[in-house]
Amino acid sequence: SQQGEEDPQALSIQEGENATMNCSYKTSINNLQWYRQNSGRGLVHLILIRSNEREKHSGRLRVTLDTSKKSSSLLITASRAADTASYFCATDAISETGRRALTFGSGTRLQVQP
Amino acid sequence: NAGVTQTPKFRVLKTGQSMTLLCAQDMNHEYMYWYRQDPGMGLRLIHYSVGEGTTAKGEVPDGYNVSRLKKQNFLLGLESAAPSQTSVYFCASSYSPGQKSNYGYTFGSGTRLTVV
């Protein structure tokens, strides 16, 4: 079962605009992470936010976490054509069986038009 | 510094054939993982390992076996391939939870497997 669900599934914007992607999850987490995947490539870690943090920045990325709503958002400011990729949220939590590994959502496909 | 290396990158198998996917990491990570990615479904955990000599089942382990005889290597085996195992397989590695906790997973570039 998927822990995180991204919204929207697809997003198309113009270069220079901001892109916002949302993630909702179901259970308590240790941290939430965002990854980028370019077409045909592996996933690349972007940013990690712990459960006791509310906001984190890294360059043009801003991540927020609301544990009461079990949701997170990823904001990419001043987007570039090179930001075109799929973006995944992943939750770090301990499962009912004691397993601790990242659970990924189905991703948001971002297209930045030059 | 190669990170996580997966071999092979592409493979076509006939139903019933067997194969092994190799994952190697050079970052001295304790944890290693195998995921599969299918269209529209994100990544699903197949098996994982929390250290040399250990393995554990993930979300979708049926039809797969794994071994971690050396810390840097994590092998994924398909004993009798089925068309439902057509997918892109990703290996990843990480520090153990609580160790360098700002770091996420490091992924390989994937193996695209087709079972006909």
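For B:Leu45, state whether it is farther than 23 Å from B:Lys14 by Cα, open to solvent by 40 Å² or more (accessible area, probe 1.4 Å) and touching a Gly at 6+ places or on another chain (Cβ under 9 Å).
no
Hey, which of the strands (runs of 3 or more DSSP E) in the range A:59-114, taking only ones fully inside, have at least 1 residues that are touching a residue at least 40 places away in the same chain (Cβ under 8 Å) and crowded, with 17+ Cβ neighbours inside 10 Å?
Filter on the range A:59-114 gives A:71-76, A:85-94, A:100-104, A:108-113.
Considering each residue of the range B:92-112, count those that are surrounded by 16 or more Cβ atoms within 10 Å (Cβ to Cβ), out of contact with any Leu (no Cβ under 7 Å at 6 or more places or on another chain) and more than 9 Å from chain A (Cβ to nearest Cβ), and give that number.
Count: 2.
Go over the candidates A:Ile47, A:Ile13 one by one and state the one that is within 14 Å of another protein chain (Cβ to nearest Cβ) and not acidic (Asp, Glu).
Residue meeting the stated conditions: A:Ile47.
What number of residues within the range A:32-58 satisfy the criterion of being assigned to a strand (DSSP E or B), under 16 Å from A:Arg109 (Cβ atoms) and either aliphatic (A, V, I, L, M) or modelled with pLDDT under 95 (or both)?
Matching residues across the range A:32-58 total 3.
Report, by residue number, each residue of the range B:61-88 that is surrounded by fewer than 14 Cβ atoms within 10 Å (Cβ to Cβ), part of a loop (DSSP other than H, G, I, E, B) and either in contact (Cβ under 8 Å) with a residue 24 or more places away in the chain or within 13 Å of another protein chain (Cβ to nearest Cβ) (or both).
B:Glu79, B:Ser80, B:Ala82
Looking at the range A:58-114, which of the residues that are in contact with a strand residue (DSSP E or B) (Cβ under 6 Å, 6 or more places away or on another chain) and of a type in the set (Asp, Glu) is nearest to A:Leu11 (Cα to Cα)?
Going through the qualifying residues, I end up with A:Asp83.
Does A:Arg36 satisfy being basic (Lys, Arg), under 12 Å from the mean Cα position of the chain (by Cα) and either over 28 Å from B:Tyr89 (Cα atoms) or open to solvent by less than 30 Å² (accessible area, probe 1.4 Å) (or both)?
Answer is no for this residue.
The values are calculated or read from the model by the stated rules, or taken from the named source; none is laboratory data. All figures in this text were calculated on a predicted structure; none of them were measured in a lab. Here the Cβ is made from the backbone with ideal geometry for all residues, glycine too, and neighbour counts use every protein chain on show. Keep in mind that these areas ignore ligands, DNA and RNA; they rest on the heavy atoms of the full protein, side chains included. Shrake-Rupley method; radii C 1.70, N 1.55, O 1.52, S 1.80 Å.
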